[in-house]
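See structure below.
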Amino acid sequence: MEFNQQLLVDSLKAEYQQQDIPFSLHIFSTLSSTNQTLWQLIDQGEKPGCVVIATQQTAGRGQWGRQWQSLAGGLYLSMVIDSQLKAINSYQLTLASAWGITAQLRKSGIPVGIKWPNDLVLDGRKLGGILTETKVNQGQITQAVIGVGINWENQVPETGINLQLWQNSRNYQMIHHLEVLTSQVLIGIKSGIECLQVEGINTLLPRYLNVLVNIGDQVYVNNILGKIVGVTQEGNLRLQVITDDPKAILTPEISVQPGTISLGYSQTGN
Ligand code: BTN
């Protein structure tokens, strides 16, 4: 399966009205991991806007040290972004990218949502995921890479969904080519990160919450039942404790860090 670079460039040029596109593209057939290759390119001097795309990966990295199955037919890309954030806020890069991609795909008519913290979901199944990696010096992020995997026409596990099968089930193609999906994802990451940088987390967070599919769900954390009411600026899940005490007026809130609990899906990655 060949990746058509010209089609990607044309699709990006259409978005940027034929001006220079703000990405430097590096396209490969098989890589271990696009994140890994991008870090090597950064060491060689590549700057924000540098993008690595692979048609498949042999050691794709998922969240929490998992593997990301990366057979041909999926979208695998990584982008260097500019970040002035403190390390304690690094999760904001994932929230921003997830929101940006979701908003961009929704513009194409695909009703994607976000499952906290970093999953792109469609019809309740996992369409893709985001892995942000950073380098930190004295509590400050110095370099950041956003990695995105999206199921296009690759095989997926039971809990996953691929976009081509979903489009076929609707008898309508909103996105016709992997290269067009790629352009939408790149534009989405860029716009999400710009929203965070220019307008700030106070603007980004309500937008993220607006497309979060988990609001109102009930989950147990350490045997405490809570209702999901939001996400903190650091990316933690906010839960309002549910009590069966009829006299309780104010119920406490607890927050849970990403990676501490799973809101669904099996352990298999995509
Ligand atoms: C997740 O676990 O949900 C995040 C998965 C992120 C996978 C992508 S595929 C492209 C990039 N390169 C990697 O090695 N991982 C990310």
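In whole percent, and with a 1.4 Å probe on the protein chains, what portion of the accessible area of the chain is carbon and sulfur?
46
Got a sec to turn the phi values of segment 173-189 into Karplus ³J(HN,Hα) couplings, 6.51 cos²θ - 1.76 cosθ + 1.60 with θ = phi - 60°, whole Hz, x for Gly and Pro?
The phi angles translate into 9, 7, 10, 8, 9, 4, 5, 6, 4, 4, 4, 5, 5, 4, 4, x, 4 Hz.
Can you give the relative contact order of segment 28-79 as a percent, counting alpha carbon pairs under 8 Å and 6+ residues apart?
42
Could you tell me which of rounded, prolate or oblate describes segment 91-240, using a ≥ b ≥ c as the square roots of the eigenvalues of the alpha-carbon gyration tensor, with rounded for a/c under 1.5 and, failing that, prolate when a/b is larger than b/c and oblate otherwise?
On the way: a/c = 1.83, a/b = 1.22, b/c = 1.49.
Oblate, because a/c is 1.5 or more while a/b does not exceed b/c.
So if each residue of separation counts as 0.36 nm, and I subtract the Cα-Cα distance between R66 and A248, what length gain in nm does that give?
61.4 nm
Using only helices, what value at 222 nm comes out for the chain when you add -39,500 (n - 2.57) per DSSP H run of length 4 or more and divide by the total residues, to the nearest 500 deg cm²/dmol?
It lands at -8500 deg cm²/dmol.
Would segment 172-236 count as rounded, prolate or oblate if I go by the C-alpha gyration tensor, calling it rounded below 1.5 in a/c and otherwise prolate when a/b exceeds b/c, oblate otherwise? Don't jump to the answer; show the numbers that get you there.
On the way: a/c = 3.25, a/b = 1.61, b/c = 2.02.
Oblate is the answer for segment 172-236, as a/c is 1.5 or above yet b/c matches or exceeds a/b.
How much accessible area per residue does the chain have, counting only protein heavy atoms and a probe of 1.4 Å, in square angstrom?
Working: 12870 Å² over 270 residues.
For the chain, the per-residue accessible area is 48 Å².
With both partners inside segment 1-106, how many of the DSSP beta bridges are antiparallel, as a percent to the nearest 5? Don't skip to the end; give the middle numbers.
Working: 5 of 12 bridges.
Percent antiparallel among DSSP bridges in segment 1-106 is about 40.
Got a number for the accessible area of V145? Probe 1.4 Å, square angstrom, nearest 10.
0
I'd like the antiparallel share, as a percent to the nearest 5, of DSSP beta bridges with both residues in segment 54-198.
95
Take the alpha carbon atoms of segment 64-124, find their center, do the same for segment 9-58, and report the distance between the two centers in whole angstrom.
16
Report, by chain and number, residues whose modeled amide H sits under 5 Å from the one on V136, excluding near sequence neighbours (fewer than 5 apart, same chain).
It is T142, by chain and number.
State the antiparallel share, in %, of DSSP beta bridges confined to the chain, rounding to the nearest 5.
85
Can you send over the solvent-accessible area of V185, 1.4 Å probe, protein chains only, in Å² to the nearest 10?
Surface accessible to solvent at V185 totals approximately 0 Å².
The values are calculated or read from the model by the stated rules, or taken from the named source; none is laboratory data. What you see is a predicted model; the values in this text were computed from it and never measured. Heads up: the accessible areas ignore ligands, DNA and RNA and are worked out on the full protein's heavy atoms, side chains in. Shrake-Rupley method; radii C 1.70, N 1.55, O 1.52, S 1.80 Å.
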